[in-house]
Amino acid sequence: MMERFGSRINFLTVYIMEAHAADTWPIGSDIVFNQTHSLEERMIPCNSLISDNDYEFPIRIDAPPDPFNTLFAAWPLRFYVIGSDSTMLHIEEPNGAYILVNSLIDWLEGYFSSIPKSSLKA
């Protein structure tokens, strides 16, 4: 998506609390972390995400007590498209346990096709 839309929008990942922490809501995943309670603890699984996946998007950590998650009800695999005026333009919800990236791409294509190129990020 960076290649396709990076010249038109700024991407940012916000790493929130562990969705299925081994000590609170385990699902038997190969990736096992306990729930984090400090920024230092949360940096460990976040760094694992980056290194294990060659993660290319800029990333910030929502440090406990989780202000981003509280404000946006940020479930994992949810994408938010926020306009330059801070308005919420679109929320891409997961479909079961998966995010349908093609659905987000379709929305972005439709959105950008309706905006004059002169008003987009340089």
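The values are calculated or read from the model by the stated rules, or taken from the named source; none is laboratory data. Quick caveat, the model's predicted, so the values are computed rather than measured. As a convention, Cβ positions derive from the backbone with ideal geometry for all residues, glycine included, and neighbour counts pool all protein chains shown.
Descriptive notes on the structure:
- Residue match in region 4-17 (condition: farther than 22 Å from residue 104 by Cα and among the charged types (D, E, K, R)): no
- Residue, farthest from the chain's Cα centre (by Cα), within region 44-67, restricted to residues that are under 22 Å from residue 4 (Cα atoms) and of a type in the set (Val, Ile, Thr): 50
- Among (1) surrounded by 11 or more Cβ atoms within 10 Å (Cβ to Cβ); (2) of a type in the set (A, V, I, L, M, F, W, C); (3) over 15 Å from residue 108 (Cβ atoms) - the single one residue 73 does not satisfy: (1)
- Filter result (in a loop (DSSP other than H, G, I, E, B) and either among the basic types (Lys, Arg) or touching a residue at least 24 places away in the same chain (Cβ under 8 Å) (or both)) within region 1-17: 1, 7, 8, 9, 10, 11, 12, 16, 17
- Every condition in (1) under 14 Å from the mean Cα position of the chain (by Cα); (2) over 30 Å from residue 4 (Cα atoms) is met by residue 40 except one, and the failing one is (1).
- Against the criterion of being surrounded by 15 or more Cβ atoms within 10 Å (Cβ to Cβ) and among the acidic types (Asp, Glu), residue 109 does not qualify.
- Near pairs, Cβ below 8 angstrom, 6+ apart or cross-chain, from region 44-56 (under 16 Å from residue 32 (Cβ atoms)) to any residue that is modelled with pLDDT of 90 or more and of a type in the set (D, E, K, R): none
- Checking each residue in region 19-49 for being of a type in the set (Ser, Thr, Tyr) and either at pLDDT 75 or above or closer than 15 Å to residue 69 by Cβ (or both) picks out 24, 36, 38, 48.
- Yes/no for residue 89 being modelled with pLDDT of 90 or more, within 29 Å of residue 113 (Cβ to Cβ) and of a type outside the set (S, T, N, Q): yes
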